[in-house]
Structure formats: C-alpha cells, structure tokens
1. Amide H to amide H, which residues 5 or more places from GLN130 or on other chains are under 5 Å from it, using H placed in the peptide plane?
2. Once the other residues with Cβ under 14 Å from the Cβ of VAL82 are scored (Lys, Arg +1; Asp, Glu -1), what is the net sum?
3. Which Cα, out of SER262, GLY113, LEU224, lies furthest along the positive dipole direction of region 100-302 (beta carbon charges, K/R +1, D/E -1)?
4. How large is the convex hull of the Cα atoms of region 253-297 per residue, expressed in Å³ as a whole number?
5. (1) 1.00; (2) 1.19; (3) 0.93: which one is Cα Rg over 2.2 N^0.38 Å as calculated from this entry?
6. In whole Å, what are the Cα extents of region 137-257 along the three principal axes, biggest one first?
7. If I model a spin label at ASP133 and ALA74 as a point 7 Å from the Cα along the Cα→Cβ vector, what separation in nanometres do I get?
8. MET303 versus HIS195, label points 7 Å from Cα toward the beta carbon: distance in nm?
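Values quoted throughout were computed directly from the atomic coordinates according to the rules given, and no laboratory measurement underlies them. Every value quoted in this text rests on a predicted model; they were computed, and no experiment measured them. Cβ: placed from backbone, ideal geometry, glycine included. Neighbour counts: every protein chain shown.
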Amino acid sequence: MIIEAGSNLDRILGLVPELSGERTVADLDGGLTNRNVKVETAGGSYVIRMWSDDGALLAIDRDNEHASSLRAAAVGVGAPVVAYLPDLNALVIEFVEGRTLSAEDLRGGFPLGRVAEAVRTLHSADLFEQDFDMFEIQRRYLELVSERGFRLPDRYREFEPQVEEIRRALAHGAEARVPCNNDLLAENFIDAGDHLWLIDYEYSGNNEPSFELGNIWSESGLSLDQLEELVAAYYGGPDPAKVARARLWGLMSKYGWTLWASIQDGVSRIDFDFWSWGMEKYDRAVAEFDGPDFPGLLETARMG
C-alpha cells in the first residue's frame, strides 16, 4: 500500500485548526497499513494517520479504530484524538513524546510490571464498540487467501484440528471481555518515563485479557519465564491456567497473523517483505503445534 502525498494531505492540513499556521511536516518511520505524518506547529505536535481503502481486506474498521482511540485516550493510555476525517481517510492525534520500545527492550529487561499496569489501564476503559475474535479473523483471512489465490504456507490447513482443540479448550473458563488493543507489538508502546502510552487501535475490540498478554508475549518473542512474570503482574499473582491460556492465544495469534502477511504479500505495494515476516511467525506456530507442550497446555487451560 502506498499513499501519495497529494491533495488529501493538503486538505487535511487546511481543515484541522490545530494544524494551521507555521508548521513543519515530515513522514514518520514505521507503519505497514498507514502513512504517518508528524506536524509540528507553535501550538503542539500532531500525527496524521492516513490509510488507503483496502483496510477492509485486513479486517480493519476505521470507525471502530476512531471510537476505540477516544476511549483509550479517556483513561489516559491512548494519545488524545484531535480530528477524524473518514472522507479523507485520516485520523489526527496528538504526538506523544517518549521512546518507542522494541522487542529487544522487552526481552532485555524492560519492567513487565509497567507493561501490565498500562494494559490494565486500557482494559479499564469503557467497552469498545466491537468485539475481536482471533478465530473469526483467521477464518476470514483464510477464505480471502483461498479466493484470491494468495500464497499459503506449507501444512497450513493441516493444523485445523489443533485450532479446533484450542477453541474448545478456551471455551472453558472464558474470561469477561475487556477493551483490548489486540496488536501490542513492542513498537506500539511509547515510554515517556513516568508513563507508558499504548498506540495504534486498528485491531481494537473487546477480548479476553489473556489474549492481550499472549499477543505481547508472541509479538516480542518473550521467554516463558517472562510470560509468567507478565501474567502474575497483570492478575496479581502466579496462575498456571492463565499462562496456558495466554500461550494458546499467542499461538492462535501467530497462526492467524500469518495470513495477514499472506494478504499483504498479495496486495501491498509497500517495499517490505511481508512473506518473510509472516513465515517467521508461522514457523514459531508450527513448532508449538508440533511441540511436546501442546497437549498439556490444552489440559491446563481447561482447568482454569
């Protein structure tokens, strides 16, 4: 996906009062489904998130993203929202100062208690407008990949029985749904020193807290000890059943987002190797499906 600088950016700059006057405009690095533009004015700094019209292929609902961004901002964990311009495919938020974290930061000793605290704050927000179901997302992605003839990794369908086993196991002791980001790779954490921001609500929706924790573990390649630490910090103490639940959600996350990469590989014009990105996730998912821990995880999750 490539979003041209052209008229939309000029129109946005002219329509949003906060962006008026003398200003500097520069693209920000990162973003595989958006173009992010930083605008600095005498009154403050802002980010314009601009997108193409193909987000629906990836199960992105921009109205939902906007509504979730407002609710995350209301509890102080999301960047304040300045303007939503759906006709121009844009959301304008305040730029939050701080250091963008990396997976290496989380693996290398960043306090996971701070991560858990920020996640709990998000989960205390008013319920989001939509639910997020990784099983449903994965099913929709697979249908699209099959219909469009996009690349499918070897053995992908072979694991459908295991996916059904995960679904049945997680049906036991299902957690109450809370507002979740559902895509908390490390780069969506901004460390402001005394505050941790959570950004990017494209895939936001009400979900189980254990999915959020498992997704963090999966996206940053944390160790099992770190997952146990994160779960204990979130729930207030060790909980093997919640750890198992988070691991299974993390596995479903890897399995499902693999197809996100397949779709992007088929449609995106961004200069990025989506296939290799997805295959790294898929290879880790296969290792877990085939690994010796899988049956025990199902059993432990059912006991929760």
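1. Placed amide hydrogens put ASN206 under 5 Å from GLN130.
2. On the way: positive: ARG23, LYS38, ARG49; negative: GLU18, GLU40, GLU94.
So the surrounding residues net to 0.
3. SER262
4. Details: hull volume 2.4 nm³, N = 45.
With only Cα atoms used, region 253-297 gives 53 Å³ per residue.
5. The value computed from this structure is option (1).
6. Here the spans come out as 48, 31, 26 Å, largest first.
7. Using points 7 Å along Cα→Cβ, the separation is 2.5 nm.
8. Roughly 4.3 nm, to one decimal.
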